[in-house]
Amino acid sequence: MHMNATYTSYTSFVAVGDSFTEGMSDALPDGSYRGWADLLAARLSARTPGFRYANLAVRGKLIGQIADEQAGAAAAMRADLVTLVGGLNDVLRPGCDVDAVCARLREAVETLAPSCKQLALMRSPGRRGPVLERYRP
């Protein structure tokens, strides 16, 4: 396994988004959930005493709701690392305006980027089908 020799120590992490970030797709054997953000936070906290973590993601949120309800709160926390995943719930709706989704995503980025050391944007894992093709741009 290749290790990144330039590891950056993060003292805080805030995750914003929808169910993908909340962790609703990551069922554990006991039926509880632990999403990728919680797993990443656990790994980062193991390296950094006093590590702070907040997962603001809420299932079902649209990108406008994420931008309006989560981005400002996350920016106020001034975390070292912020992740943003959103827009898929919008694209799943008939008649979605992908350009409008991208514009709201851009607004969230403009709110978050100045307040953190690292902003990571991700999309939902690729799947085959018409939804992915609409979301790909």
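The values are calculated or read from the model by the stated rules, or taken from the named source; none is laboratory data. These numbers were taken from a predicted model, which means no experiment stands behind them. Here the Cβ is made from the backbone with ideal geometry for all residues, glycine too, and neighbour counts use every protein chain on show. In case anyone asks, the SASA skips ligands and DNA or RNA and just uses the protein heavy atoms, side chains included. Shrake-Rupley method; radii C 1.70, N 1.55, O 1.52, S 1.80 Å.
Using the 1.4 Å probe convention, the accessible area of the range 1-99 works out to 55 Å² per residue with neighbouring protein chains retained. Taking amide H atoms as placed 1.01 Å from N in the peptide plane, the amide H of Y53 lies under 5 Å from those of F13, each 5 or more residues away in sequence or on another chain. A compact globular protein would have a Cα radius of gyration near 2.2 N^0.38 Å; the ratio found for the range 65-128 is 1.17. Using only side-chain charges placed at the Cβ, +1 for Lys and Arg and -1 for Asp and Glu, the dipole size of the range 1-99 relative to its Cα centre rounds to 420 debye.
Comparing A75, V16, S45 along the charge dipole axis of the range 1-91, the residue lying farthest to the positive side is S45, per the Cβ-charge model. In order along the range 111-118, the Karplus-derived 3J(HN,Hα) couplings, from 6.51 cos²θ - 1.76 cosθ + 1.60 at θ = phi - 60°, round to 6, 7, 4, x, 9, 9, 7, 9 Hz, and Gly and Pro are given as x.
The amide H of Y33, built 1.01 Å from its N in the peptide plane, has L28 as neighbours under 5 Å, considering only residues 5 or more places off or on other chains.
Please say if the range 1-86 is rounded, prolate or oblate, where rounded means a/c under 1.5 for a ≥ b ≥ c the square roots of the C-alpha gyration tensor eigenvalues, and otherwise the choice is prolate for a/b larger than b/c and oblate otherwise? Each step should come with its number before you reach the end.
Numbers: a/c = 1.99, a/b = 1.21, b/c = 1.64.
Taking the square roots of the gyration eigenvalues as a ≥ b ≥ c, the range 1-86 is oblate.
Rounded to whole numbers, the Karplus 3J(HN,Hα) couplings from phi for the range 62-73 are 8, 4, x, 5, 5, 4, 6, 9, 10, 4, x, 5 Hz, using 6.51 cos²θ - 1.76 cosθ + 1.60 with θ = phi - 60°, and x at Gly and Pro. Rounded to the nearest Hz, the phi-derived 3J(HN,Hα) couplings of the range 85-94 under the Karplus curve 6.51 cos²θ - 1.76 cosθ + 1.60 (θ = phi - 60°) are 9, x, x, 5, 4, 5, 5, 5, 7, x, where x marks glycine and proline.
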